[in-house]
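The block underneath contains the structure these notes are about, expressed in structure tokens.
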Amino acid sequence: MSKKITIAIDGHSSTGKSTAAKQLAVKLKYVYVDTGAMYRAVSLYALRENLIVSGNLDSKKLVASLSKIKISFAYNKETYSADVYLNGENIEKQIRTLEVSSIVSKVAEISEVRAKLVEQQQAMGEEKGIVMDGRDIGSVVFPDAELKVFMTAAPEVRAQRRYKELVERGDDVSLDDVLKNVVERDRIDSSREDSPLVQLPEAKLLDTSKMTREEQFDLLVTWAEEAIEKA
């Protein structure tokens, strides 16, 4: 497998995109980039700067602050994956809360935010040999990716998975609130004007509702090997 390709994995929240993408990158010895973490980093910045009041985001102030936001990734030897940093601070744990999840789709709607992050993402993938997951990777960031995958699952299944993760972390949340968040994020992600979440005709559909992580991974590896062979 000397040839390097670009792999774009898009889909709904809590489908296991990041886990699958990380595993695939390790298998192929590719670079993995969690674009969702980048939008979460901006969301955390907005929360810390009190740019969200009563659930309303001050998008103008956030756009004016974009030059102050520096996002980077660094390899974590303990987790064997990359942690996201905001202005030099490791925020990997802070960005995984329900509070951040509740606003990240609103932040991702802002065209100026998307433009800033897409530019960074495209620069990361110039040399190929990359696995990137998000909402618009195949449609906007890497429209020429050799392998495009769209991951989904029933909202109730995704909410249960997310709820389990949050409870295991020690967060005080209810399953009902998590389900509402999942459904609302789907609505915002799919209906926004700038780079909405869409399943492209050429993308391979991976419905994880009734699949184990091992089954998901095996199928992704098969698809990747086929795409590399064709490249």
Complete set of residues in the stretch 1-22 that are open to solvent by 10 Å² or more (accessible area, probe 1.4 Å) and more than 29 Å from R187 (Cβ to Cβ):
M1, S2, K3, K4
Considering only residues that are free of Cβ contacts under 8 Å to residues at least 40 places away in the same chain and among the polar types (S, T, N, Q), look in the stretch 54-86 and name the one that is least open to solvent (accessible area, probe 1.4 Å).
S65
For the stretch 187-195, state whether one or more residues are over 16 Å from the mean Cα position of the chain (by Cα), open to solvent by less than 20 Å² (accessible area, probe 1.4 Å) and either modelled with pLDDT of 95 or more or closer than 20 Å to V104 by Cα (or both).
yes
Set L179, L206, L200: member being closer than 19 Å to D34 by Cα and open to solvent by less than 70 Å² (accessible area, probe 1.4 Å)
L206
In this structure, does E109 turn out to be over 24 Å from S191 (Cα atoms), in contact (Cβ under 8 Å) with a residue 12 or more places away in the chain and surrounded by fewer than 23 Cβ atoms within 10 Å (Cβ to Cβ)?
no
Look at A41 and say whether it is under 27 Å from E184 (Cα atoms), part of a helix (DSSP H, G or I), open to solvent by less than 10 Å² (accessible area, probe 1.4 Å) and at pLDDT 95 or above.
yes
Please verify whether Y32 is within 30 Å of K3 (Cα to Cα), touching a strand residue (DSSP E or B) at 6+ places or on another chain (Cβ under 8 Å) and assigned to a strand (DSSP E or B), treating the condition exactly as stated.
yes
Limited to the stretch 130-151, what total is found for residues that are open to solvent by 10 Å² or more (accessible area, probe 1.4 Å) and in contact (Cβ under 8 Å) with a residue 12 or more places away in the chain?
9
Which of the residues that make up the stretch 209-231 are open to solvent by 20 Å² or more (accessible area, probe 1.4 Å), part of a helix (DSSP H, G or I) and of a type in the set (A, V, I, L, M, F, W, C)?
F217, L219, W223
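The values are calculated or read from the model by the stated rules, or taken from the named source; none is laboratory data. Everything numeric here is computed off the predicted structure, so don't read it as measured data. Every residue, glycine among them, receives a Cβ derived from its backbone with ideal geometry; neighbour counts consider all protein chains shown. Ligands, DNA and RNA are stripped out before the accessible areas are found, and what is left, the full protein with its side chains, is counted by its heavy atoms. Shrake-Rupley method; radii C 1.70, N 1.55, O 1.52, S 1.80 Å.
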